[in-house]
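Note sheet for the following structure.
The values are calculated or read from the model by the stated rules, or taken from the named source; none is laboratory data. Fair warning: this is a prediction, and the values are worked out from it, not measured in the lab. Cβ atoms come from the backbone with ideal geometry, glycine included; neighbour counts cover every protein chain shown. Calculation scope for accessible area: heavy atoms of the full protein, side chains included, ligands and nucleic acids excluded. Shrake-Rupley method; radii C 1.70, N 1.55, O 1.52, S 1.80 Å.
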Amino acid sequence: MRAWGAAILMAMAAQGGAAWAQDEREFCADRPGLDTPPCTMAPGKVQVELGLGDWTREQDAESRTDTVNFGDALLRIGLTDSLEAQLGWTAFGHVRTRDRATGAVEKDSGIGDMRVALRQNLRNPDGSGFSIAVMPYASLPTGGDAIGEGDWGTGMLVPISYDLGHGLTLQATPEVDAAVDEDGDGRHLAYGSVAGLGFDISDNLSGSIEASLMRDDDPDGHATQALAGLSLGWQAGDDMQFDAGANLGLNHDSPDAELYVGIVRRF
């Protein structure tokens, strides 16, 4: 919590130094969708991205688990023309698991882990044309048992986009992680990628169709998750966006379904 408060103070300080922010860029948000964009915030600019609600269902022959998260926040701060810092945290998560044979229900709630990241754009930091970035991150075990992982993790993303013109954009995000083990003690290799197509519906409304494939080599059992996603974002002015999306699992290792809504505000 102290780290989160310090980050907010950093954001306020950056906002106060608005003299940095002479570089006005097109609005570019991390959410919605499975992909991560390569664009970075202009120096001195601050953006807050907030998941207002996120529901995920996982079901098999033995049980059904419903996870609901509120206040999934991401703070982005432009440091240089091509570098930004990020701090993410989930304010509250609730997990409900029902045994399908006995009907017994278990519930747990808590806060999420903290995630810190740097995104260094290597070409076109405004996301135009062909744009690429590298994004190392680390997750810190600040959360509880409900939605926290129990140990630190780290990884690297390589967001890529290519503007095809006519309102169409190809997107991809290869990723490799030292992911936390299922038992919350130690790390293992996880890797994969997201790929998709972004499209403009109107001047203020955009969408994306995506697919994700991630391999997880957890010692307790290897798994390959496959997801398909559809998302929409409505830009209400130059500095605000409302969004919604849905993801569907494509195999038995994946969550069955996820629905979410959120808001983004740039300062």
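Odds and ends about this structure:
- Selection count where residues are of a type outside the set (V, I, T), at pLDDT 95 or above and either surrounded by fewer than 17 Cβ atoms within 10 Å (Cβ to Cβ) or not in a strand (DSSP E or B) (or both), scope segment 101-119: 9
- Flag for L122 being open to solvent by 70 Å² or more (accessible area, probe 1.4 Å), farther than 22 Å from Y260 by Cα, within 18 Å of the chain's Cα centre (by Cα) and not polar (S, T, N, Q): no
- Residue in segment 142-153 that is in a strand (DSSP E or B) and open to solvent by 60 Å² or more (accessible area, probe 1.4 Å) present: no
- Checking each residue in segment 241-267 for being open to solvent by 50 Å² or more (accessible area, probe 1.4 Å) and among the aliphatic types (A, V, I, L, M) picks out L248, L250, L259, V261.
Per-residue answers, yes or no, for (1) of a type in the set (F, W, Y); (2) farther than 24 Å from Q47 by Cα; (3) assigned to a strand (DSSP E or B):
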residue	(1), (2), (3)
D203	no, no, no
L230	no, no, yes
D238	no, no, no
F242	yes, no, yes
G245	no, no, yes
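- T80 satisfies every condition listed in (1) over 24 Å from Q235 (Cα atoms); (2) part of a strand (DSSP E or B); (3) of a type outside the set (A, V, I, L, M) except (2).
- In segment 154-176, the residues that are touching a residue at least 40 places away in the same chain (Cβ under 8 Å) and either farther than 19 Å from Q86 by Cβ or open to solvent by less than 30 Å² (accessible area, probe 1.4 Å) (or both): L157, P159, S161, A172, T173
- Of all residues in segment 128-137, those satisfying the criterion of being under 20 Å from D216 (Cα atoms) and either surrounded by 15 or more Cβ atoms within 10 Å (Cβ to Cβ) or aromatic (F, W, Y) (or both) are M135, Y137.
- Pairing each residue of segment 36-54 that is outside any loop (DSSP other than H, G, I, E, B) with any residue that is at pLDDT below 95 and not acidic (D, E), provided the two are 6+ apart or on different chains, yields C-beta distances under 8 Å for V46/A11; V46/A14; V46/Q15; V48/A11.
- Residue count, segment 103-126 (criterion: farther than 27 Å from G71 by Cα and in contact with a strand residue (DSSP E or B) (Cβ under 6 Å, 6 or more places away or on another chain)): 4
- Residue match in segment 130-138 (condition: more than 17 Å from the chain's Cα centre (by Cα) and farther than 26 Å from Q171 by Cβ): no
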